[in-house]
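Each remark here refers to the structure printed beneath this line.
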Amino acid sequence: MKPFEGRVALITGAAGAIGRATAALLAERGASLACVVRRAPEPSALPAGALVLKADVTREDEVRRAAAETVSRLGRIDVFVNNAGIEGPQATLADYDAAEFMRVLETNVLGVFLGLKHVMPVMAAQGSGAIVNVSSIAGVVGATRMAGYIASKHAVEGLTKVAALEGAPQGVRVNAVQPGFIESRMLSDIATGLGGDASGLSDRVPARRLGRPEEVAQAIAFLASDEARYMNGSSLMLDGGLTLGP
C-alpha cells in the first residue's frame, strides 16, 4: 500500500535520526520528498530522488525560499514535518549562557514558527494539508539542567494549538509528536552532558528500552495520513511509559 502516492512531503531537519527515518518511511509509502538540511548530508542518508534543500530554519528568507522551491519543483505541499531542532547545553539556570538559551529558542521555536508561517498559506490555498510538529516529552515535563530545551518544547506545544485552530477552517490539520528517549545522536549528547550515557537511560523507561527513530516516523506518518483526518491540535506521546509516574 502507498497511502502517500501523489502527495508531497516537506521535512525539516531531514539529516537527523528522526528526519531520516521519516523521509525513508514516507518515500516507501509513495510520497515525493523535499528534505531541508542545514548542511549537505551523505549521499545515502536520504531516499533516492528526494529534493534536497539547504536552509537554516532560523532565517525567514531561507524558509520562505524552501517552501517556494518545493511548490515550484514538486507542485504542492501536502505534508509538512516540522522537525529541525537542537538540544543546547546542559547547565543549571544560574550557569546557563543567555546566548546559548537564545540559540536553542531560535532553532526550536522560531524555526517551527517560520515553517508554519510559510507552509500553512500554501496548504490553505490548496484547501488541505497535514502538519506534524516534532515536540518532545520535554514539552510536558520539567528537567534540571535543560532550561533551553524544556522551554522551547513547551513553546512548540503552544504553537501547535494556535496553528491547529487557525488552519482548521482551511482544511489544514496541525498535530505534534512527543518522543521520549529515542536512540539518536541528540540523546547520546544529552546523556553525556548530564554525566551519564544513553544506554543507562533505558532503566528509567517502563518498556525497558529506548525508542527507535523508525517508531517516531510511524507515528508521524499516521498523523499525516487520512487515518488521522479528525485529529487536530493533538500531541501523540511516544515514551514507553516514561512520563506515567516515578
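The values are calculated or read from the model by the stated rules, or taken from the named source; none is laboratory data. These numbers come from a predicted model, not from an experiment. Don't worry about glycine lacking a Cβ; one is built from the backbone with ideal geometry, like all the others, and counts go over all protein chains shown.
Check K117, K153 and return the single one that is closer than 19 Å to I18 by Cβ, of a type in the set (D, E, K, R) and at pLDDT 95 or above. Before you say what the answer is, go through the steps one by one.
Details: K117 fails: closer than 19 Å to I18 by Cβ.
None of the other options fit; the residue is K153.
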Enumeration of residues in region 224-246 that are closer than 22 Å to G30 by Cα, touching a Lys or Arg at 6+ places or on another chain (Cβ under 9 Å) and outside any loop (DSSP other than H, G, I, E, B): A224, A228
Selection within region 26-52 - among the aliphatic types (A, V, I, L, M) and either surrounded by fewer than 17 Cβ atoms within 10 Å (Cβ to Cβ) or more than 26 Å from D226 (Cβ to Cβ) (or both): V37, A40, A45, A48, V52
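Among the residues of region 22-33, count how many are outside any strand (DSSP E or B) and either in contact with a Phe, Trp or Tyr (Cβ under 8 Å, 6 or more places away or on another chain) or closer than 14 Å to N82 by Cα (or both).
To start, the set of residues in region 22-33 that are outside any strand (DSSP E or B) comprises 22-31.
Restricting the remaining residues to those that are either in contact with a Phe, Trp or Tyr (Cβ under 8 Å, 6 or more places away or on another chain) or closer than 14 Å to N82 by Cα (or both) gives 22-23, 26, 29-31.
Qualifying residue count for the region: 6.
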Index of the failed condition, A23 passing every other in (1) crowded, with 21+ Cβ neighbours inside 10 Å; (2) touching a Leu at 6+ places or on another chain (Cβ under 7 Å); (3) over 19 Å from V174 (Cα atoms): (3)
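When you look at D56, is it in a helix (DSSP H, G or I) and closer than 30 Å to A151 by Cα, yes or no?
Numbers: in a helix (DSSP H, G or I): no; closer than 30 Å to A151 by Cα: yes.
Taking the combined requirement at face value, the residue does not satisfy it.
Consider A98 carefully, then state whether it is within 25 Å of S188 (Cβ to Cβ) and of a type in the set (G, A, S). Give the steps one after another, and end with the answer.
Working: within 25 Å of S188 (Cβ to Cβ): no; of a type in the set (G, A, S): yes.
No: the conditions fail for A98.
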Filtered residues of region 111-132 (kept if farther than 13 Å from R64 by Cα and either over 14 Å from the mean Cα position of the chain (by Cα) or in a helix (DSSP H, G or I) (or both)): M123, A124, A125, Q126, G127, S128, G129
The lone exception for P179 - which of (1) touching a helix residue (DSSP H, G or I) at 6+ places or on another chain (Cβ under 8 Å); (2) closer than 25 Å to R65 by Cα it fails: (2)
Members of region 68-110 found to be basic (K, R), surrounded by 13 or more Cβ atoms within 10 Å (Cβ to Cβ) and either assigned to a helix (DSSP H, G or I) or modelled with pLDDT under 95 (or both), listed by number: R103
